[in-house]
Amino acid sequence: MNAQESSIGPLLLELPDLDWITDEGRVVRLSQDFSWFSPVLKRQLEGKHAEVVVRPRSEDEIRAVVGACARHGVPITVRGSGTGNYGQTTPLAGGVVLDMTGYNACLWVQPGVARAQAGIRLGELEKQTRPSGQEMRCVPSTYRSATLGGLFGGGFGGVGSINYGPLGAPGNVLGIRAMTIEAEPQVVELRGAEAMRMHHLWGTNGLVLELEVALAPAHPWLETLVTFSDFEGALNFADRLANAPGIVKREVSFYAAPISDHLAQLAAHLPKGCHTVLSLVAEASEPALLQLVESFGGTVSYRKTAAEVQKSNRTLMEFTWNHTTLHALKVDPTLTYLQSGFVPGRHVAQVIEMEKLLGGEVMMHLEFIRNVAGLMTCSGLQLVRFSTEERLQEIMQIHREHEVHINNPHVNIVEDGKAGGPLPPEVIAVKRRFDPLGLLNPGKLRDWPVKPRAAAVAA
């Protein structure tokens with residue numbers, strides 16, 4: 001059955017002037033993200049896709065789509081550029097994918113803050129902020145294509161989180177403008193903590209139109225790779241660099257062997273079997289960085305100034321966070337990954353302990369960040385040699401037993417991935433307020449499962 005013959009037909013007839021995508025191949029592609037990083041999600045989500053995609057370019061067009069979907073009981077899955085990893089933009093109930101990438105204006109930039117529409121790409125937003133000497137506080141490694149709304153709806157942190165913590169830390173997102181999913185949609189401004197009740201919920205409890213985000217001072221960033229032959233030496237260097245208060249930095253990543261062997265595009269700079277620390281530090285901090293490298297016995301194998309990075313249009317940022325996983329999967333498609341959090345102050349000892357327990361099967365990739373309390377620690381995006389789903393669960397349980405927090409990236413329900421517990425009552429209240437019909441991304445929250453279409457219309 002094609003879109004015109006399904007329950008989507010009335011939408012196409014009612015709103016013929018919108019940019020509808022009905023070609024099945026394109027609809028399937030725009031119903032996917034990078035959930036294939038997980039062999040579990042790849043199996044579970046096979047064959048799931050929308051019935052149609054629409055790409056609005058104005059608030060009026062968004063309002064028209066939302067109102068029509070509400071009247072006809074059609075589920076809506078909101079999408080940015082699809083750079084997430086949990087199948088969050090894969091509809092479980094068919095319906096409409098609302099592609100926000102056409103709604104992409106930068107509205108204004110002021111000292112310390114910017115406001116933009118949700119579909120703007122993060123790289124484009126930074127182009128708008130840099131003339132004033134400012135940049136995003138944190139961006140994912142997919143910043144060239146990822147959208148601001150996508151970062152808010154499905155992201156955690158990224159490059160810059162070593163200074164400003166995860167996106168959810170108070171002060172990083174100042175406000176949002178969101179639309180209710182009703183026959184007569186309402187638009188509401190939410191500020192501060194109230195706005196964060198829509199954060200990292202995969203577009204299940206509100207349609208975000210605009211975001212107001214805090215900015216950071218921009219620096220000319222020096223990009224380096226420092227290699228080591230010793231695991232603990234490399235790890236301790238990374239931790240010392242992350243904590244060095246006088247070294248201005250934007251990123252510190254640690255890659256245990258043999259991860260470096262999987263970064264094919266950097267092979268000329270990474271000796272076989274080495275442990276690697278990737279960093280972005282302010283060019284003025286280079287002397288202090290080199291002093292630290294020397295004291296830990298490392299070797300600078302790659303160095304690019306900000307001008308050289310800009311000229312080449314290649315940045316080490318695109319080898320960090322889950323880009324590391326992507327590069328590794330290109331070399332060995334049997335790998336998968338974890339998402340973990342280590343205890344501040346104990347994180348180095350925990351990393352060493354987990355390496356002793358699981359080294360070889362689990363390859364340590366760490367991103368140094370400040371947590372919401374401002375304490376330096378690291379988040380793991382470990383690579384895993386996948387064997388069975390049962391063994392994957394055992395590996396995650398081993399981490400938990402050693403007090404390493406796991407955000408399970410192999411599940412497709414928000415609560416299961418976050419912590420396994422129920423959502424706070426105030427988040428549920430926002431869901432009921434902004435999605436009273438339960439049409440937003442159904443099946444991704446425990447208490448809002450996929451309903452038969454007729455039942456949804458009746459409700």
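The values are calculated or read from the model by the stated rules, or taken from the named source; none is laboratory data. As the structure is a computational prediction, the values presented were derived from the model and not from experiment. Cβ sites come from the backbone with ideal geometry, for glycine too, and all protein chains shown count toward neighbours.
Please go through the range 100-113 and pick out each residue that is farther than 19 Å from Ser81 by Cβ and either assigned to a strand (DSSP E or B) or not assigned by TED's automatic domain parsing to the domain that holds Val213 (or both). Those that are farther than 19 Å from Ser81 by Cβ and either assigned to a strand (DSSP E or B) or not assigned by TED's automatic domain parsing to the domain that holds Val213 (or both): Leu107, Trp108, Val109, Gln110, Val113.
Scanning the range 205-235 for residues that are touching a Cys at 6+ places or on another chain (Cβ under 9 Å) and either surrounded by fewer than 22 Cβ atoms within 10 Å (Cβ to Cβ) or outside any helix (DSSP H, G or I) (or both) yields Ala216, Thr227, Phe228, Ser229. I'm told Ala284 meets every condition in (1) hydrophobic (A, V, I, L, M, F, W, C); (2) assigned to a strand (DSSP E or B); (3) surrounded by fewer than 24 Cβ atoms within 10 Å (Cβ to Cβ) except one. Can you identify the failing condition by its number? The single condition Ala284 does not satisfy is (2). Return the residues of the range 31-63 that are without any contact (Cβ under 8 Å) to a residue 12 or more places away in the chain and either aromatic (Phe, Trp, Tyr) or out of contact with any helix residue (DSSP H, G or I) (no Cβ under 7 Å at 6 or more places or on another chain) (or both); say none if nothing qualifies. Scanning the range 31-63 gives Trp36, Arg43, Glu46, Gly47, Asp60.
I'd like the full set of residues that are hydroxyl-bearing (Ser, Thr, Tyr) and in contact with a strand residue (DSSP E or B) (Cβ under 8 Å, 6 or more places away or on another chain), limited to the range 108-156.
Looking only at the range 108-156, we keep the residues that are hydroxyl-bearing (Ser, Thr, Tyr), and these are 129, 132, 141-143, 145, 147.
Matches in the range 108-156: Thr129, Ser132, Ser141, Tyr143, Ser145, Thr147.
Being among the basic types (Lys, Arg), surrounded by fewer than 21 Cβ atoms within 10 Å (Cβ to Cβ) and modelled with pLDDT of 95 or more, is that true of even one residue in the range 311-328? Don't jump to the end; show me each part of the working.
As a first pass, look at the range 311-328 and keep what is among the basic types (Lys, Arg): 311, 314.
Restricting the remaining residues to those that are surrounded by fewer than 21 Cβ atoms within 10 Å (Cβ to Cβ) gives 311, 314.
Filter once more, keeping what is modelled with pLDDT of 95 or more: 311, 314.
Among the residues of the range 311-328, at least one is among the basic types (Lys, Arg), surrounded by fewer than 21 Cβ atoms within 10 Å (Cβ to Cβ) and modelled with pLDDT of 95 or more, which makes the answer yes.
Take Gly360 and tell me if it is touching a residue at least 60 places away in the same chain (Cβ under 8 Å) and among the small types (Gly, Ala, Ser). Against the criterion (touching a residue at least 60 places away in the same chain (Cβ under 8 Å) and among the small types (Gly, Ala, Ser)), Gly360 does not qualify. Comparison of Leu423, Leu375, Leu392 shows that the only residue that is of a type in the set (A, V, I, L, M) and in the same structural domain as Val40 (by TED's automatic domain parsing) is Leu423.
Out of everything in the range 26-56 that is among the small types (Gly, Ala, Ser) and in contact with a His (Cβ under 7 Å, 6 or more places away or on another chain), what residue ends up being nearest to Pro442 (Cα to Cα)? Looking at residues that are among the small types (Gly, Ala, Ser) and in contact with a His (Cβ under 7 Å, 6 or more places away or on another chain), I get Ser31. Taking the criterion of being crowded, with 24+ Cβ neighbours inside 10 Å and either within 29 Å of Gln128 (Cα to Cα) or among the aromatic types (Phe, Trp, Tyr) (or both), would at least one residue in the range 38-52 satisfy it? No, the range 38-52 contains no residue that is crowded, with 24+ Cβ neighbours inside 10 Å and either within 29 Å of Gln128 (Cα to Cα) or among the aromatic types (Phe, Trp, Tyr) (or both). When residues in the range 363-378 are screened for being under 13 Å from His347 (Cα atoms) and without any contact (Cβ under 8 Å) to a residue 60 or more places away in the chain, 2 of them pass.
Gly94 satisfies every condition listed in (1) at positive phi; (2) without any contact (Cβ under 8 Å) to a residue 24 or more places away in the chain except (2).
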